[in-house]
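Notes follow once the structure below has been shown.
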Amino acid sequence: MKSLFEKNTLQEIIQRLDKLTPNAEKQWGKMNAAQMLAHCSVALKVATGQNFPPRLFIGRMLGPFLKSKYYDKNPFRKNSPTDKTFIVADKRDFEQEKITLIHLTQQFTDGGSQKCTTHPHSFFGKLTPEQWSIGMYKHLDHHLRQFGV
């Protein structure tokens, strides 16, 4: 499974982000490309310990049973549910959001496991740095596929 701690995986993500355009057509979901970039940045801020969303009640109940889906080899399903604190619905500047996401992705990769959050995931609970890294790759891959890149 690909891990965002790997430099070649980081380069793959950046190359795919470079192919994304502001007017890219979504293949599912509600966000436009700029909102998707901002949404992915929110998730990376959690993984790097810059944001600490509270645990969800439903996650406390179901998270242990579904946790392995976050870091297994299968891609995330289309239209997977999203924590409300991760939803970006306002207008965003595509180029600025892209710069921010690339910066946060590089920061996550460069920081490695030592800089990964120890705060539990809002749904899945406690994750190891490697589980965070795989999950962050899968999340980025999911949304880049959402826009065909």
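Here are the numbers:
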| item | result |
| --- | --- |
| Pairs where the first residue, in region 58-85, is touching a residue at least 60 places away in the same chain (Cβ under 8 Å) and among the hydroxyl-bearing types (Ser, Thr, Tyr) and the second is part of a helix (DSSP H, G or I) and exposed (fewer than 11 other Cβ atoms within 10 Å of the Cβ), C-beta under 7 Å, 6+ apart | none |
| Single residue of region 5-20 satisfying the filter (part of a helix (DSSP H, G or I) and aliphatic (A, V, I, L, M)) that is farthest from ALA34 (Cα to Cα) | LEU10 |
| When residues of region 41-60 are limited to those that are among the small types (Gly, Ala, Ser) and crowded, with 16+ Cβ neighbours inside 10 Å, the one modelled with the lowest pLDDT | GLY59 |
| Test: residue in region 17-39 that is closer than 17 Å to GLN107 by Cα, touching a residue at least 12 places away in the same chain (Cβ under 8 Å) and not aliphatic (A, V, I, L, M) | yes |
| Which numbered condition LYS73 fails, given (1) surrounded by 11 or more Cβ atoms within 10 Å (Cβ to Cβ); (2) farther than 21 Å from SER122 by Cβ | (1) |
| Identity of the residue in region 85-97, surrounded by fewer than 15 Cβ atoms within 10 Å (Cβ to Cβ) and among the hydrophobic types (A, V, I, L, M, F, W, C), that ends up nearest to VAL42 (Cα to Cα) | ILE87 |
| Which listed residue is small (Gly, Ala, Ser), over 16 Å from the mean Cα position of the chain (by Cα) and within 29 Å of PRO22 (Cα to Cα), from GLY135, GLY59, GLY148, GLY49 | GLY148 |
| Subset of region 69-83 that is in a loop (DSSP other than H, G, I, E, B) and among the hydroxyl-bearing types (Ser, Thr, Tyr) - its residue that is nearest to LYS138 (Cα to Cα) | SER80 |
| Residue in region 103-110 that is β-branched (Val, Ile, Thr), part of a helix (DSSP H, G or I) and either modelled with pLDDT under 95 or touching a Cys at 6+ places or on another chain (Cβ under 9 Å) (or both) present | yes |
| Filtered residue count, region 24-57, keeping only those that are farther than 17 Å from LEU127 by Cβ, outside any loop (DSSP other than H, G, I, E, B) and not aromatic (Phe, Trp, Tyr) | 9 |
| Options THR100, THR109, THR82, THR105: the member that is surrounded by 13 or more Cβ atoms within 10 Å (Cβ to Cβ), closer than 18 Å to PHE52 by Cβ and of a type in the set (Val, Ile, Thr) | THR82 |
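The values are calculated or read from the model by the stated rules, or taken from the named source; none is laboratory data. As the structure is a prediction and not an experimental result, all values here were calculated from the model. Methodologically, a virtual Cβ is constructed for each residue, glycine included, from the backbone with ideal geometry; neighbour enumeration extends over all protein chains shown.
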